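Derivation of every value follows stated rules applied to the coordinates shown; laboratory data play no part. Please read all numbers here as calculations on a predicted model, not as lab measurements. Glycine also receives a Cβ, built like all others from the backbone with ideal geometry; neighbour counts cover every protein chain displayed.
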Ligand SMILES: Cc1cc2nc3c(=O)[nH]c(=O)nc-3n(C[C@H](O)[C@H](O)[C@H](O)COP(=O)(O)O)c2cc1C
């Protein structure tokens, strides 16, 4: 038996993944905006885990366009303002206590929309990375409580300050995601090293 560890039963397993802000299109053509952190890349596809009852999941089932906006660590307060809000009315019983319907999430968060190029929902201005995408698969997870979305990225917009000049590369030293770490927000610490496959190593 390993005596260095204790067995615990944490209520959540959010071990630290980047926060993204998803914009999707509501049935009336308006835009919904929602934070989420169960997101990861598989080639040019971003895989998303979304609560089945949320407005974002509903929107993607019938209107597949979306933008996956990646906020910077400094934008955590705007993200957190969105936390108790849903674009779904009436608010589903499965939503946590205190959750309320908000049709204007941009206004509530103090964020600004800017038009997308290839999809209908807008981008979130001020997010250093914005991926315009289309949901190519939306299916229930094994529990039935979530949907798993595969979103194929069509165009990537990057703040020039996080791009290695003259290249197509994001500069890992200039970009930091906002990390959701057991319901607390963090940025990245300083670099520890790099993969042998890195294309952005600078010699010093
Ligand atoms: C930082 C953060 C991360 C979140 N991550 C997820 C997630 O990965 N999946 C999810 O379904 N909800 C996640 N949520 C909760 C949703 O944002 C919340 O359910 C919201 O009401 C969804 O809005 P909607 O109903 O308008 O789509 C997260 C919330 C915050 C603040």
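Counting every pair of alpha carbons in segment 91-175, the share spaced more than 16 Å apart comes to 70 percent. Only helices enter the 222 nm calculation for the chain: every DSSP H run of n ≥ 4 contributes -39,500 (n - 2.57), and dividing by all residues gives -2500 deg cm²/dmol, rounded to 500. Placing R0 at 35 angstrom, the Cβ-Cβ distance between residue 137 and residue 114 gives a FRET efficiency of 0.80 after rounding to 0.05. Can you compute log10 of I(q)/I(0) for segment 11-158 with the Debye formula, treating each Cα as one identical point scatterer, at q = 0.09, 0.12, 0.17, 0.19 Å⁻¹? Debye output, listed in q order: -0.24, -0.44, -0.94, -1.22. Assuming R0 = 22 Å, what is the FRET efficiency of residue 99 and residue 181, from their Cβ-Cβ distance, to the nearest 0.05? E between residue 99 and residue 181, to the nearest 0.05, is 0.50. With the largest listed first and rounded to whole Å, the semi-axes of the equivalent ellipsoid of segment 1-41 from the Cα gyration tensor are 38, 11, 6. Taking only the C-alpha atoms of segment 1-97, the Rg (one decimal) and the largest Cα-Cα distance, Dmax (whole number), read 16.1, 58 Å.
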